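Chemist: Input: one structure, supplied below.
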Amino acid sequence: MVVSSQYRDHTEKIKTKIRALGADLVGVADTEPLKRLKLDPPSLLAPFSRAISIALRLPSAVFEQIIDQPTPLYLSVYQTANRILDQIAFHTTNILQRDGFKSLPIPASQVLDRENWYGAITHKAVGRMAGLGWQGKSLLLINPRYGPRIRLVTILTDAPLNIDSPIKNRCGECNLCRDACPARAIKGVGTKDNYKNRDESLYFSRCVEKLVGEFSKLPDVDAPICGICIKVCPFGR
Ligand code: B12
Ligand code: SF4
Ligand code: SF4
């Protein structure tokens, strides 16, 4: 009893510090179920019992300017959000280290395998297990308040933090992302928890082709970004 309230107090203390660094959402996941993910390196989670998921809300007005392709202003917001998230994760890692816990920040947007498009660990799975949102038909993490208009970062740690629970999928009959996708990549298939693989929800290569082959070659947009399935989602609009 005493031990569990100590953990609760420590978890709340860390979460408050992370919010003070500028985070809009923060949750904690158990790493055990996440060991089924493709990880790079495969032993990534071995030293860590917890994964902290942090989200930063993106300025909504930037999505109103996106019609059928990403804009230079969206590129700037994307880059700035990644920088802020990496800084929040770095500071949080130091706070945990000072408290005597092992801790590793996973970058907001680092691609390790450019052939199959994987990072070290997917922030969306961590965010879902930490209760920040559900996995939408667009495959994005959808928060009930901010929708997919968030970017994410993860910190792995052995601090014995209290874990949060996943939340229920609320896509329902909506198919706005499927109908708006310029690559016709979204299948419109729902899931209660998460898709077994990307192809269950997406014609994955169509999205990659659109972003890498077309959008990243636009003048002043030199990153594989899009923003359309983010813009049209009714959550966070
Ligand atoms: C590589 C990459 C890409 C690639 C591949 C995308 C992909 N879906 O994998 C490309 C270039 C195509 C891309 C495109 C986009 N990306 Co991108 N991308 C990444 C990156 C760097 C790695 C993703 C990865 O490893 N995926 C591996 C696959 C298998 O995982 P997944 O997509 O999450 O799907 C599986 C898991 O989530 C799993 N799952 C869910 N819950 C659980 C729970 C358990 C226990 C388990 C076992 C599994 C599980 O189910 C899914 C199917 O297997 C991440 C950053 C990061 N490290 O996470 C950003 C990231 C996913 N991208 C992001 C965004 C926003 C985009 C775009 C909208 C572009 C843009 N910025 O405008 C599009 C959206 C495409 C889409 N509909 O998925 C955001 C998503 C934010 C959000 N709200 O969800 C991320 C998280 C970056 C960030 N820091 O916020 N991206
Ligand atoms: S990022 Fe663009 S191309 Fe890819 S699924 Fe979303 S709307 Fe479609
Ligand atoms: S647009 Fe609709 S179907 Fe797509 S993720 Fe958002 S709520 Fe789900």
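The values are calculated or read from the model by the stated rules, or taken from the named source; none is laboratory data. Source: prediction; values computed, not measured. Cβ placement follows ideal geometry from the backbone for every residue including glycine, while neighbour counts extend to all protein chains displayed. The protein model used for the area step is the full one, side chains on, heavy atoms only, and it has no ligands, DNA or RNA in it. Shrake-Rupley method; radii C 1.70, N 1.55, O 1.52, S 1.80 Å.
Chemist: Express in whole angstrom the spacing between the alpha-carbon centres of the stretch 1-51 and the stretch 161-237.
Modeler: The distance from the Cα centre of the stretch 1-51 to that of the stretch 161-237 comes to 26 Å.
Chemist: Excluding same-chain residues fewer than 8 positions from K187, which lysines have a Cα within less than 17 Å of its Cα?
Modeler: Within reach: K137, K196, K210.
Chemist: Which percent of Cα pairs goes in each bin when the distances of the stretch 90-237 are cut into 5 angstrom slices starting at zero?
Modeler: Here the calculated profile for the stretch 90-237 is 2, 9, 15, 20, 20, 15, 9, 6, 3, 1.
Chemist: Run through all the Cα pairs of the stretch 2-170 and give the fraction in each 5 Å bin from 0, expressed as whole percent.
Modeler: Per 5 Å bin, starting at zero, the Cα-Cα P(r) for the stretch 2-170 comes out as 1, 9, 17, 22, 21, 16, 8, 4, 2, 0, 0, 0 percent.
Chemist: Further question: What does the extension gain come out to for L73 and R170, with contour length at 0.36 nm per residue minus their alpha carbon separation?
Modeler: Net length gain for the segment: 31.9 nm.
Chemist: So which cysteines in the chain don't have a second cysteine's C-beta under 4.7 Å from them?
Modeler: C171, C174, C181, C207, C226, C233
Chemist: Using a Cα-Cα cut-off of under 25 Å, which lysines could be cross-linked to K13, ignoring same-chain neighbours fewer than 8 residues away?
Modeler: K102, K124
Chemist: Return one whole number: the accessible area per residue of the chain in Å², for a 1.4 Å probe.
Modeler: On a per-residue basis, 51 Å².
Chemist: Further, regarding this structure: Could you tell me the ratio Rg/Rh of the stretch 179-236? Both radii from Cα atoms, Rh via Kirkwood.
Modeler: Dividing the radius of gyration by the Kirkwood radius yields 1.01.
Chemist: Could you tell me the largest-minus-smallest coordinate of the C-alpha atoms of the stretch 1-72 on each of the three principal axes, in descending order and whole angstroms?
Modeler: Largest to smallest, the principal-axis extents are 53, 32, 16 Å.
Chemist: Just to check I understand the Karplus step: with θ = phi - 60° and J = 6.51 cos²θ - 1.76 cosθ + 1.60, what whole-Hz values come out for the stretch 117-123, glycine and proline as x?
Modeler: Whole-Hz 3J(HN,Hα) from phi for the stretch 117-123: 6, 10, x, 5, 7, 7, 5.
Chemist: By a straight-distance test (C-alpha under 18 Å), which aspartates and glutamates pair with K17 as possible cross-link partners, with residues fewer than eight away in the same chain excluded?
Modeler: Here the aspartates and glutamates satisfying the reach criterion relative to K17 are D9, D86, D99, D158, D164.
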